[in-house]
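J.: Structure incoming, see below.
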Amino acid sequence: MKSLMGGILSAAAVLFLFGGGQVCAAAPSFIGPLNTIKELASTVPANGDVNPYGVAIVPVTTGRLVANHILVSNFNNADNFQGTGTTIVEISPGGAGPALFAQINPNSLPGPCPGGVGLTTALVVLRSGWVIVGSLPTTNGTIDTSGAGCLLVLNSSGKVVETIFGEDINGPWDMTAFDKGTTATLFVTNVLNRTKEANGGIVTAGTVLRINLSIPPNGKPIVTSKLIIGSDFSERSDPNALVIGPTGLGLGPNGTLFVADTLNNRIAAIPDALTRNSTAGTGITISGGGALNGPLGLAIAPNGDIVTVNGGDGNMVETTPSGMQVAVKPVDITGTGAGTLFGLAISPDPRAVYFVNDATNTLDILK
């Protein structure tokens, strides 16, 4: 456990540190009062999977899912090959676990998932008990062997019952959901469009895909429509991260979808995300630079602010929908900084943020 010194940065300190940029501590903040970091539990299951990526909080108890427990997906296998992790673990808010929720066999899937299984940050749990996770698979941890992947739909017992795939799903990297019970809308970032062919060069082909689902009372989810609502995001392959591109997603209360545009070091907004009938391109820049340093995971706080974690350092940043960065928290207790943070999820009660630390293969909490 480590206590953070100083809490929320003062406005004067922020202006000094960031040269009068967008960071400001004057507005009320969700993470500002949170000053304690605790390592909650290991995320390594019995098969040795490592590199935790996705984080999602279970909304209701059903099957093997327990309300308020946290699911975490693993991206690497025990040999530390990226894009080969096959497990989702379940951890209690008190730190009990990890219990294995699912271990997915790429050879016995109920539908296509081009390339196999490598579970990403794209992880959501619906109130109906369905768990949906993204797969961006490789065979040996390198971009050259990556496949387009798919979305895997699991029931509340951890069994894959269907796959969602197609030409508009190509490297699903992160996801959020608007859940209405009998229907749900998924928003998914895709990061493999022309990425392999560029051999490490930047291409502007990343997308945000909207998928509408119908959820019958007795039966698996049904895809009713799909539409690309964001496009031309920067992406490139990277030997340490496999791929870098548009990552975290969060839907604001007014229907605006916020996107962590990692390579361009900004938070973008796609207005009318639930209803628009065309792409918004790369969206509107809400905030860039300042305390942002390669934003990856993204979540929406109960006050409507956008909470992100940086890939370039060990910091968590809170930004208002108007673009003011109101809090910065160093949350990597290992001191490693770059490359340790990825997925996160917010618990409003108790007030806390769950996040993974890839340096220690743990689920941590800021409270």
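J.: Checking the conditions here, which among Ile270, Ile222 is more than 26 Å from Ala338 (Cβ to Cβ), among the β-branched types (Val, Ile, Thr), crowded, with 23+ Cβ neighbours inside 10 Å and out of contact with any Cys (no Cβ under 8 Å at 6 or more places or on another chain)? Walk me through how you get there before you give the answer.
T.: Details: Ile222 fails: crowded, with 23+ Cβ neighbours inside 10 Å.
The conditions single out Ile270.
J.: Continuing with this model, one more query. Looking only at region 273-297, which residues are buried (at least 24 other Cβ atoms within 10 Å of the Cβ) and under 18 Å from Phe233 (Cβ atoms)?
T.: Looking only at region 273-297, we keep the residues that are buried (at least 24 other Cβ atoms within 10 Å of the Cβ), and these are 273, 283, 287, 291-292, 295-297.
If the condition is that a residue be buried (at least 24 other Cβ atoms within 10 Å of the Cβ) and under 18 Å from Phe233 (Cβ atoms), then Ala273, Gly283, Ser287, Leu292, Pro295, Leu296, Gly297 are the ones that fit.
J.: Right, here's the next one. With Leu213, Leu227, Leu274 as the choices, which residue is touching a residue at least 40 places away in the same chain (Cβ under 8 Å) and either part of a strand (DSSP E or B) or over 20 Å from the mean Cα position of the chain (by Cα) (or both)?
T.: Every option except Leu227 fails the conditions.
Residue by residue, here is whether (1) of a type in the set (Ser, Thr, Tyr); (2) farther than 20 Å from Ser73 by Cα; (3) under 15 Å from the mean Cα position of the chain (by Cα) holds:
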{"site": "Leu242", "(1), (2), (3)": "no, no, no"}
{"site": "Leu249", "(1), (2), (3)": "no, no, yes"}
{"site": "Gly252", "(1), (2), (3)": "no, yes, no"}
{"site": "Phe258", "(1), (2), (3)": "no, yes, yes"}
{"site": "Gly289", "(1), (2), (3)": "no, yes, no"}
{"site": "Asn315", "(1), (2), (3)": "no, yes, no"}
{"site": "Val328", "(1), (2), (3)": "no, yes, no"}
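J.: Same structure again: Based on this model, can you work out whether Gly97 counts as among the small types (Gly, Ala, Ser), at pLDDT 95 or above and either outside any helix (DSSP H, G or I) or within 18 Å of Trp173 (Cβ to Cβ) (or both)? Walk me through it before giving the result.
T.: Working: among the small types (Gly, Ala, Ser): yes; at pLDDT 95 or above: no; either outside any helix (DSSP H, G or I) or within 18 Å of Trp173 (Cβ to Cβ) (or both): yes.
No: the conditions fail for Gly97.
J.: I'm trying to understand the selection: among the residues of region 277-294, which are over 20 Å from Val191 (Cα atoms) and part of a strand (DSSP E or B)?
T.: Selection gives Ile286, Ser287, Gly288.
J.: Another one. I'd like to check something: does region 156-173 contain any residue that is surrounded by 16 or more Cβ atoms within 10 Å (Cβ to Cβ) and over 23 Å from Pro106 (Cβ atoms)?
T.: No - not one qualifying residue is present in region 156-173.
J.: Also: Out of all the residues in region 50-78, which are farther than 23 Å from Asn310 by Cα and either touching a Pro at 6+ places or on another chain (Cβ under 6 Å) or free of Cβ contacts under 8 Å to residues at least 40 places away in the same chain (or both)? Let's see the steps before the verdict.
T.: Kept after step one, since they are farther than 23 Å from Asn310 by Cα, are these residues of region 50-78: 58-69, 77-78.
Listed by number, the residues that qualify are Thr61, Val66, Ala67, Asn68, His69, Asn77, Ala78.
J.: Which number in (1) in a loop (DSSP other than H, G, I, E, B); (2) small (Gly, Ala, Ser); (3) within 18 Å of Ala359 (Cα to Cα) marks the one condition that Ala67 misses?
T.: Against the list (1) in a loop (DSSP other than H, G, I, E, B); (2) small (Gly, Ala, Ser); (3) within 18 Å of Ala359 (Cα to Cα), Ala67 comes up short only on (3).
J.: Go through region 321-363 and count every residue that is in a strand (DSSP E or B) and modelled with pLDDT under 95.
T.: 3
J.: Kindly indicate whether Asp168 is assigned to a loop (DSSP other than H, G, I, E, B) and of a type in the set (D, E, K, R).
T.: yes
J.: Cβ contacts < 6 Å: first residue farther than 22 Å from Leu136 by Cβ, restricted to region 170-192; second residue not in a strand (DSSP E or B), any location; separation 6+ or different chain. Result?
T.: Partner pairs satisfying both residue conditions: Asp179/Leu126; Asp179/Arg127; Gly181/Arg127; Thr182/Ile215.
J.: If the requirement is being more than 18 Å from Ile31 (Cα to Cα), out of contact with any helix residue (DSSP H, G or I) (no Cβ under 9 Å at 6 or more places or on another chain) and without any contact (Cβ under 8 Å) to a residue 60 or more places away in the chain, which of these qualifies: Gly339, Gly311, Gly281?
T.: Among Gly339, Gly311, Gly281, only Gly281 is more than 18 Å from Ile31 (Cα to Cα), out of contact with any helix residue (DSSP H, G or I) (no Cβ under 9 Å at 6 or more places or on another chain) and without any contact (Cβ under 8 Å) to a residue 60 or more places away in the chain.
J.: While we're looking at this one, here's another question. Residue by residue through region 341-367, note down the ones that are hydrophobic (A, V, I, L, M, F, W, C) and closer than 16 Å to Asn51 by Cα.
T.: Passing the criteria: Leu341, Phe342, Leu344, Phe355, Val356, Ala359, Leu363.
J.: Can I ask one more? Out of region 152-162, which residues are part of a strand (DSSP E or B) and over 20 Å from Asn77 (Cβ atoms)?
T.: Val153, Val161, Glu162
The values are calculated or read from the model by the stated rules, or taken from the named source; none is laboratory data. Worth saying up front: this structure is predicted, and the values here are computed from it rather than measured. Heads up, the Cβs are rebuilt from the backbone with ideal geometry, glycines too, and the neighbour counts pull from every protein chain shown.
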